[in-house]
Amino acid sequence: MADSAVTTEQSPSDPVAVGSEGDLPVVLEAAGLAKHFPVRRRGRARRTIQAVDDVTLTLRRGRVTALVGESGSGKSTVARLLAGLHPRTGGDIRLHGEKVNVKHGKAFRAYARQVQMIFQDPFASLNPVHTVRYHLTRALKIHGRAGDDLEKSLHELLSRVQLTPPERYIDKFPHELSGGQRQRVAIARALGAGPEALLADEPVSMLDVSIRLGVLNLLRDLKERMHLAILYITHDIASARYFADETMVMYAGRMVEGGDSESVTQQPAHPYTRLLIESAPDPDRHLPVKAAGGEPPSLIDPPPGCRFHPRCPVALARCKTDLPPRFDVGDAPGHWAACWLYDGAAR
């Protein structure tokens, strides 16, 4: 199928049939996604940082997919690849089943109309010298959604993210808002394009603990009312269980486990996922946490085989040489782990 820009355009308010996951329309897909950054060192051989390797995921309308992992695992790079902010080294991105190769100009704008990103730091992502009115007006006009009554459209965006009454916020500067209010403005700006997919890169990690739940509930409400496909990037696997329908776990640039959130968080299969869950605060836990030895590997020279094997408490000899494929695990359909412990042929 030939590469193209956006081929179809649907309103996110269109009705969606409710059923099983397989019945929900696929909005955005990544297949074998890879990103290697060159390391430029004068007088030395050129090397690369293998930030993302062989990432495959699917975003469906009306569902939240969480991408979980520690800092440096490649989560944000995946979001930027899907948003078209980085050129990819390998793999394919499909929007409504059509391959996309978006670089700049009108093709990028058409793609961004359907795939929008929410950044981690709302203060850094909003221009401090412009008001809320400017940020939202620009989004509406760029994507041709201002309508005949711009003021009404602006008020509707603010009301949609629960900044009411809109008159109280519309002419304020970012520094006059709280962190949670700034993030809501950033979400409203993304909604101004009328997207079908939102890529939320740790949208609550810069916010006070007391207001994180409110922003997550807002995103959940938008998902349900507007039938959005949401990629939720986080290092907090506990919030993934609360907020996401599906959870994918990344380590050192590669996917290591995935499935519905309940199965992944309650019956973790990969040793890295288990360690992530054990490291989450739990007031009912009385036993000490089992810490993984060592440090995450260098992505300039990653270890052969499974990238987690130098820190894995149950590593096999095979883990040090052979890269594990995905194996189905547990009783829940779609639950998999890239770990040689689940190779039935070896048992």
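Against the criterion of being open to solvent by 10 Å² or more (accessible area, probe 1.4 Å) and within 28 Å of residue 336 (Cα to Cα), residue 224 qualifies. Could we say that residue 314 is closer than 16 Å to residue 248 by Cα and in contact (Cβ under 8 Å) with a residue 24 or more places away in the chain here? So residue 314 does not fit the description; no.
Could you check region 159-176 and list, in sequence order, the residues that are more than 20 Å from residue 217 (Cα to Cα), more than 25 Å from the chain's Cα centre (by Cα) and either exposed (fewer than 12 other Cβ atoms within 10 Å of the Cβ) or of a type outside the set (Phe, Trp, Tyr) (or both)? Steps first, answer last, please.
Kept after step one, since they are more than 20 Å from residue 217 (Cα to Cα), are these residues of region 159-176: 167-176.
Of the ones still in play, those that are also more than 25 Å from the chain's Cα centre (by Cα) are 167-173, 175-176.
Scanning region 159-176 gives 167, 168, 170, 171, 172, 175, 176.
Give region 25-46 a look and list any residue that's surrounded by 14 or more Cβ atoms within 10 Å (Cβ to Cβ) and not β-branched (Val, Ile, Thr), or say none. Break it down stepwise before answering.
So the first thing to find is which residues in region 25-46 are surrounded by 14 or more Cβ atoms within 10 Å (Cβ to Cβ), and the list is 25-31, 33-37.
Those that are surrounded by 14 or more Cβ atoms within 10 Å (Cβ to Cβ) and not β-branched (Val, Ile, Thr): 25, 28, 29, 30, 31, 33, 34, 35, 36, 37.
Residue 158 - would you say it is touching a residue at least 24 places away in the same chain (Cβ under 8 Å) and under 29 Å from residue 94 (Cα atoms)? Answer is no for this residue. Among residues of region 307-327 being closer than 12 Å to residue 338 by Cα and basic (Lys, Arg), the one that is least open to solvent (accessible area, probe 1.4 Å) is 307.
With 100, 78 as the choices, which residue is at pLDDT below 95, out of contact with any Cys (no Cβ under 8 Å at 6 or more places or on another chain), open to solvent by less than 30 Å² (accessible area, probe 1.4 Å) and not polar (S, T, N, Q)? Spell out the reasoning first.
Working: 78 fails: at pLDDT below 95.
From the options 100, 78, the qualifying one is 100.
In the condition set (1) at pLDDT 95 or above; (2) open to solvent by 10 Å² or more (accessible area, probe 1.4 Å); (3) more than 22 Å from residue 76 (Cβ to Cβ); (4) in contact with a Ser or Thr (Cβ under 6 Å, 6 or more places away or on another chain), residue 246 is compliant with all but (3).
Going by the conditions given, is residue 270 touching a Cys at 6+ places or on another chain (Cβ under 6 Å) and either under 29 Å from residue 36 (Cβ atoms) or open to solvent by less than 10 Å² (accessible area, probe 1.4 Å) (or both)? Before the answer, list the steps.
Details: touching a Cys at 6+ places or on another chain (Cβ under 6 Å): yes; either under 29 Å from residue 36 (Cβ atoms) or open to solvent by less than 10 Å² (accessible area, probe 1.4 Å) (or both): yes.
Criteria met by residue 270.
Scan 184, 220, 212 and give me the residue that is over 26 Å from residue 70 (Cβ atoms), part of a helix (DSSP H, G or I) and out of contact with any helix residue (DSSP H, G or I) (no Cβ under 6 Å at 6 or more places or on another chain). So that I can check it myself, show each step before the final result.
Details: 220 fails: over 26 Å from residue 70 (Cβ atoms); 212 fails: over 26 Å from residue 70 (Cβ atoms).
None of the other options fit; the residue is 184.
Hey, could you check region 314-345 for residues that are part of a helix (DSSP H, G or I) and touching a Phe, Trp or Tyr at 6+ places or on another chain (Cβ under 7 Å) and say which is farthest from residue 275 (Cα to Cα)? Walk me through it before giving the result.
Filtering region 314-345 down to residues part of a helix (DSSP H, G or I) leaves 317-320, 340-342, 344-345.
Going one step further and asking which of them are touching a Phe, Trp or Tyr at 6+ places or on another chain (Cβ under 7 Å), we end up with 318-319, 342.
Numbers: 318: 21, 319: 18, 342: 18 Å.
Within region 314-345, the match that is farthest from residue 275 (Cα to Cα) is 318.
Being under 25 Å from the mean Cα position of the chain (by Cα), surrounded by fewer than 18 Cβ atoms within 10 Å (Cβ to Cβ) and under 26 Å from residue 105 (Cα atoms) is a description that does not apply to residue 187.
Look at residue 164 and say whether it is closer than 26 Å to residue 205 by Cα, in contact with a helix residue (DSSP H, G or I) (Cβ under 9 Å, 6 or more places away or on another chain) and not aliphatic (A, V, I, L, M). Considered against the rule, which asks whether it is closer than 26 Å to residue 205 by Cα, in contact with a helix residue (DSSP H, G or I) (Cβ under 9 Å, 6 or more places away or on another chain) and not aliphatic (A, V, I, L, M), residue 164 comes out as yes.
Have a look at 196, 156 and point out the one that is acidic (Asp, Glu) and open to solvent by less than 10 Å² (accessible area, probe 1.4 Å).
On the way: 156 fails: open to solvent by less than 10 Å² (accessible area, probe 1.4 Å).
Residue meeting the stated conditions: 196.
Taking the residues in region 132-146 that are more than 16 Å from residue 180 (Cα to Cα) and β-branched (Val, Ile, Thr) as candidates, determine which candidate is surrounded by the most Cβ atoms within 10 Å (Cβ to Cβ).
It comes out as 137.
Given the criteria touching a helix residue (DSSP H, G or I) at 6+ places or on another chain (Cβ under 7 Å), open to solvent by 30 Å² or more (accessible area, probe 1.4 Å) and of a type in the set (Phe, Trp, Tyr), does residue 108 qualify?
Working: touching a helix residue (DSSP H, G or I) at 6+ places or on another chain (Cβ under 7 Å): no; open to solvent by 30 Å² or more (accessible area, probe 1.4 Å): yes; of a type in the set (Phe, Trp, Tyr): yes.
In short, no.
Quick one: in region 144-177, of everything that is in a loop (DSSP other than H, G, I, E, B) and hydrophobic (A, V, I, L, M, F, W, C), which residue is nearest to residue 226 (Cα to Cα)? Reasoning before the result, please.
The first filter runs over region 144-177 and keeps only residues in a loop (DSSP other than H, G, I, E, B), leaving 144-149, 161-165, 169-173, 177.
Okay, now just the ones that are also hydrophobic (A, V, I, L, M, F, W, C), so 146, 161, 163, 170, 173, 177.
Numbers: 146: 18, 161: 12, 163: 18, 170: 23, 173: 28, 177: 26 Å.
Here the residue is 161.
The values are calculated or read from the model by the stated rules, or taken from the named source; none is laboratory data. Note that the structure is a prediction, hence the values are computed from the model and not measured. Cβ atoms come from the backbone with ideal geometry, glycine included; neighbour counts cover every protein chain shown. Side chains are part of the model used for accessible areas, which takes the heavy atoms of the whole protein and leaves out ligands, DNA and RNA. Shrake-Rupley method; radii C 1.70, N 1.55, O 1.52, S 1.80 Å.
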